[in-house]
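Comments concern the structure below.
The values are calculated or read from the model by the stated rules, or taken from the named source; none is laboratory data. The shown structure was predicted, so the numbers you read here are calculated from the model rather than taken from an experiment. Cβ placement follows ideal geometry from the backbone for every residue including glycine, while neighbour counts extend to all protein chains displayed.
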Amino acid sequence: MSELTPDQLAALYDFPADADRRPWVRTMFVATLDGAAADASGRSGSLGGDADTAVFHVARSLADVVLVGAGTARAEGYGPASFDADAAERRARHHRDPGLPIAVVSRRLDVPEALLVPGTLVVTTADAPQRERDRLAERVDVLAHGEGQVHWRRVLADLAERGLRRVQCEGGPSLHGELVGADLVDELCLTVAPVLTGGDAPRIAHGGEAADRPMTLAHCVPAGDVLLTRWLRAR
Ligand SMILES: NC(=O)c1ccc[n+]([C@@H]2O[C@H](COP(=O)([O-])OP(=O)(O)OC[C@H]3O[C@@H](n4cnc5c(N)ncnc54)[C@H](OP(=O)(O)O)[C@@H]3O)[C@@H](O)[C@H]2O)c1
């Protein structure tokens, strides 16, 4: 198949019914054929081409919240999410709120200026620098859970209390590694990009506690030379 319509992608990437009742964490990544999570310039945004971009936007239009590490937010120039008319209509049809908050994870509280707008959430630890926390709290909501490291189950419970159960985690690899270690990844959407890159780029998950998390294949769809795959945690 060379090109999928947004409606076909929405059918492939809708969140499962489970997400009506409990937090559901979907992670979204693109990797090269040799397993790199970034191209030679250190970025990943354009690795998967148009097909991956289309998946990214359709999947966003079905989510309640985007979760992203500050490293990725800084590297990829994150700002507030916005939708075109089609995506806005899809959100309404799926009973999603018009706005999609970005929850950015940072231990140092180094959040890109573009994200410091109402609706943004900052996820950090309870022992993060107090002065910086207070400064951020004047502009965005700060979710501080855990001492030393983020207590992810509490973060997900806090998001769920705000009605944000469909969590689209857009990386990066460090955040992903920690979520894999905590066994909180319900689903991985992985685009395989038709390129070899070599070098020393990270994998899509690194760090965190090493663990084997079996996954089952939900779909594997070719889009030109790109492979769109979706994997569910085998529980
Ligand atoms: N291939 C892909 O699909 C894909 C997707 C996303 C990103 N990337 C690439 O990955 C690279 C960035 O990698 P990365 O591993 O540095 O990204 P990352 O996980 O987004 O960022 C790491 C930073 O995020 C914060 N953070 C992450 N997990 C945290 C936690 N559990 N607790 C507290 N803070 C946490 C920390 O920020 P502070 O330093 O502010 O404390 C940490 O330094 C970029 O090149 C990006 O383009 C690739």
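Conditions (1) outside any loop (DSSP other than H, G, I, E, B); (2) loosely packed, with under 12 Cβ neighbours inside 10 Å, marked per residue:
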{"site": "GLU3", "(1), (2)": "no, yes"}
{"site": "ALA38", "(1), (2)": "no, no"}
{"site": "ALA54", "(1), (2)": "yes, no"}
{"site": "HIS95", "(1), (2)": "no, yes"}
{"site": "GLY99", "(1), (2)": "no, no"}
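For the stretch 190-225, what are the residues that are farther than 24 Å from GLU178 by Cβ and hydroxyl-bearing (Ser, Thr, Tyr)?
Residue satisfying the conditions is THR197 alone.
Identify, from the list LEU188, LEU227, the residue that is more than 9 Å from the ligand (Cβ to nearest atom), modelled with pLDDT of 95 or more, crowded, with 20+ Cβ neighbours inside 10 Å and not in a loop (DSSP other than H, G, I, E, B).
Working: LEU227 fails: crowded, with 20+ Cβ neighbours inside 10 Å.
Of the residues listed, the single one that is more than 9 Å from the ligand (Cβ to nearest atom), modelled with pLDDT of 95 or more, crowded, with 20+ Cβ neighbours inside 10 Å and not in a loop (DSSP other than H, G, I, E, B) is LEU188.
So which of VAL155, VAL123, VAL111, VAL105 ends up being within 10 Å of the ligand (Cβ to nearest atom) and touching a residue at least 60 places away in the same chain (Cβ under 8 Å)?
Every option except VAL105 fails the conditions.
Can you pull out the residues in the stretch 65-83 that are more than 16 Å from the ligand (Cβ to nearest atom) and under 27 Å from ALA17 (Cβ atoms)?
Selection gives PHE83 alone.
Residues to consider are HIS206, HIS176; find the one that is part of a loop (DSSP other than H, G, I, E, B), within 17 Å of the chain's Cα centre (by Cα) and within 11 Å of the ligand (Cβ to nearest atom).
Criteria check complete, one pass: HIS206.
Without any contact (Cβ under 8 Å) to a residue 40 or more places away in the chain, more than 11 Å from the ligand (Cβ to nearest atom) and more than 20 Å from the chain's Cα centre (by Cα): is that true of GLU161 in this structure?
no
So is VAL30 more than 30 Å from PRO129 (Cα to Cα), of a type in the set (Val, Ile, Thr) and within 8 Å of the ligand (Cβ to nearest atom) or not?
In short, yes.
Of the residues that make up the stretch 41-48, is at least one closer than 22 Å to GLY207 by Cα and hydrophobic (A, V, I, L, M, F, W, C)?
No, the conditions are met nowhere in the stretch 41-48.
Checking the conditions here, which among ALA211, ALA218 is over 22 Å from GLY71 (Cα atoms), exposed (fewer than 14 other Cβ atoms within 10 Å of the Cβ) and over 15 Å from the mean Cα position of the chain (by Cα)? It would help to see each step written out before you state the result.
On the way: ALA218 fails: exposed (fewer than 14 other Cβ atoms within 10 Å of the Cβ).
So the residue among ALA211, ALA218 that is over 22 Å from GLY71 (Cα atoms), exposed (fewer than 14 other Cβ atoms within 10 Å of the Cβ) and over 15 Å from the mean Cα position of the chain (by Cα) is ALA211.
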